[in-house]
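**Student:** One structure, pasted below without further comment.
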Amino acid sequence: MPAEAPVLSERRGAVGVAYLNRPDARNALSADLMDVLADLVESWDADDDVRCIVIAGGETYFAAGGDIKGMAEQDFQAVVAAPTASFWRRVADCATPMVAAVSGYALGGGCELALLCDMVVASETAEFGQPEILLGIIPGGGGTQRLTRVMGKQRAMELVLTGRRIDAEEAHALGLVNKVVRKREWLDRAIELATVVAHRPPLAARMAKRAVLAADEVGLGAGLDIERRLFELAMATEDRVEGMSAFVEKRKPDFRAR
Ligand code: CAA
């Protein structure tokens, strides 16, 4: 992709790394950026060689949210018709595990994008928040729902109603972030985590992701049922035969995504 593209990408082994790339707008999520990012994530999701995805911003900002300048022009009809409305669903539908690498600001849609990922690695400089209320709107990319599931109603309510930003340590204490790392390690540690996941048997990794996400979507009984069906499916894979044989034979497993 050309350097001025709104999203840059590279492969690190079986990990696909997407870099949001609108530095002049603090990586604000323009319609163009969202479209390119969703296309990229979908193409990696369909690629057997990509086993985990990292979504990264830059060192001083992950993303400052929806593009306020673009949104300022939109009337009701334009908002309803905007293709960006499908962006969140398209990325959420990705079966491949995803890690957000957050350094600097992750605000509004930026925070929602991090929340949409399955795990979040944050630099000690990271700041999260849902400042939409300060603009006279509310989060529109899943913030009210995913923040509430991550940290509980009272805490999410405070952030959504006040627009207060939280630092990496508070985000970690609230469960939004998996680990806080030193500033210079923000990307390497995220890729490191993604690489661990990328080495796990891919079918089982996808099933595990689906099962964990089901906990947010259905009640306990239905969730346990989904887990059981996925467990039975995992038992039917060649990879689990290989994994269990390797354990018994005291050797390293050779997983083939079958
Ligand atoms: N949309 C469009 N442009 C943005 C932007 C955004 N969200 N955030 C920053 N920019 C632009 C600024 O307008 C500025 O452009 P110009 O140089 O043309 O003036 C440039 O990026 C640099 O911005 P700042 O000078 O403000 O940079 P800073 O480093 O001093 O501050 C910041 C960074 C704290 C992130 C600040 O820019 C900011 O508060 N941005 C807005 C954050 C926000 O309100 N996000 C929510 C957006 S709405 C949303 O996300 C809806 C949704 O749910 C999808």
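The values are calculated or read from the model by the stated rules, or taken from the named source; none is laboratory data. Not measured: the values here are computed from a predicted model. Backbone-built Cβ (ideal geometry, glycine too); neighbour counts: all protein chains shown. Surface areas here come from the heavy atoms of the whole protein model, side chains and all, with no ligands, DNA or RNA. Shrake-Rupley method; radii C 1.70, N 1.55, O 1.52, S 1.80 Å.
**Student:** Could you check, for region 55-69, whether at least one of its residues is among the polar types (S, T, N, Q) and out of contact with any Ser or Thr (no Cβ under 9 Å at 6 or more places or on another chain)?
**Tutor:** The answer is no, given that none of the residues of region 55-69 is among the polar types (S, T, N, Q) and out of contact with any Ser or Thr (no Cβ under 9 Å at 6 or more places or on another chain).
**Student:** How many of the residues in region 37-47 are part of a helix (DSSP H, G or I), open to solvent by 70 Å² or more (accessible area, probe 1.4 Å) and free of Cβ contacts under 8 Å to residues at least 40 places away in the same chain?
**Tutor:** 1
**Student:** Condition first: out of contact with any Gly (no Cβ under 8 Å at 6 or more places or on another chain), on the phi < 0 side of the Ramachandran plot, surrounded by fewer than 21 Cβ atoms within 10 Å (Cβ to Cβ) and free of Cβ contacts under 8 Å to residues at least 24 places away in the same chain. Can you find one or more residues in region 25-36 that meet it?
**Tutor:** no
**Student:** Let me ask something additional. State whether the residues of region 131-146 include one that is basic (K, R), surrounded by fewer than 18 Cβ atoms within 10 Å (Cβ to Cβ) and touching a helix residue (DSSP H, G or I) at 6+ places or on another chain (Cβ under 9 Å).
**Tutor:** No, region 131-146 contains no residue that is basic (K, R), surrounded by fewer than 18 Cβ atoms within 10 Å (Cβ to Cβ) and touching a helix residue (DSSP H, G or I) at 6+ places or on another chain (Cβ under 9 Å).
**Student:** Can you pull out every residue in region 48-66 that is assigned to a loop (DSSP other than H, G, I, E, B), within 20 Å of R206 (Cα to Cα) and either free of Cβ contacts under 8 Å to residues at least 24 places away in the same chain or among the hydrophobic types (A, V, I, L, M, F, W, C) (or both)?
**Tutor:** Result: V50, single match.
**Student:** A follow-up question, please. Being in a loop (DSSP other than H, G, I, E, B) and either open to solvent by 30 Å² or more (accessible area, probe 1.4 Å) or in contact with a Cys (Cβ under 9 Å, 6 or more places away or on another chain) (or both) is the filter here, so list the residues in region 1-24 that pass it.
**Tutor:** Once the filter is applied, which keeps residues that are in a loop (DSSP other than H, G, I, E, B) and either open to solvent by 30 Å² or more (accessible area, probe 1.4 Å) or in contact with a Cys (Cβ under 9 Å, 6 or more places away or on another chain) (or both), region 1-24 yields M1, P2, A3, E4, G13, A14, N21, R22.
**Student:** Do you know which residues across region 201-242 are without any contact (Cβ under 8 Å) to a residue 40 or more places away in the chain, of a type in the set (A, V, I, L, M) and open to solvent by less than 40 Å² (accessible area, probe 1.4 Å)?
**Tutor:** M207, A211, A214, L230, A234
**Student:** Looking only at region 50-91, which residues are open to solvent by less than 30 Å² (accessible area, probe 1.4 Å), under 26 Å from A171 (Cα atoms), within 14 Å of the ligand (Cβ to nearest atom) and among the aliphatic types (A, V, I, L, M)?
**Tutor:** A63, V91, listed by residue number.
**Student:** Look at L107 and say whether it is free of Cβ contacts under 8 Å to residues at least 40 places away in the same chain and under 23 Å from E170 (Cα atoms).
**Tutor:** No.
**Student:** Could I ask something else about it? For region 92-103, how many residues are outside any strand (DSSP E or B) and open to solvent by less than 30 Å² (accessible area, probe 1.4 Å)?
**Tutor:** So the count comes out to 5.
**Student:** Sticking with this one: Kindly indicate the residue of region 104-122 that is more than 10 Å from the ligand (Cβ to nearest atom) and assigned to a strand (DSSP E or B) and also surrounded by the fewest Cβ atoms within 10 Å (Cβ to Cβ) among those meeting that condition.
**Tutor:** M119
**Student:** Let me ask something else. I need the full set of residues from region 243-258 which are assigned to a loop (DSSP other than H, G, I, E, B) and either open to solvent by 70 Å² or more (accessible area, probe 1.4 Å) or more than 11 Å from A204 (Cα to Cα) (or both), in order please.
**Tutor:** Answer for region 243-258, where residues must be assigned to a loop (DSSP other than H, G, I, E, B) and either open to solvent by 70 Å² or more (accessible area, probe 1.4 Å) or more than 11 Å from A204 (Cα to Cα) (or both): E249, K250, R251, K252, P253, D254, R256, R258.
**Student:** Shifting gears a bit: Could you tell me how many of the residues in region 123-156 are more than 11 Å from the ligand (Cβ to nearest atom) and either touching a Gly at 6+ places or on another chain (Cβ under 9 Å) or over 18 Å from L213 (Cβ atoms) (or both)?
**Tutor:** 12
**Student:** Residues E185, E170, E192: which one is touching a residue at least 24 places away in the same chain (Cβ under 8 Å) and open to solvent by 30 Å² or more (accessible area, probe 1.4 Å)?
**Tutor:** E185
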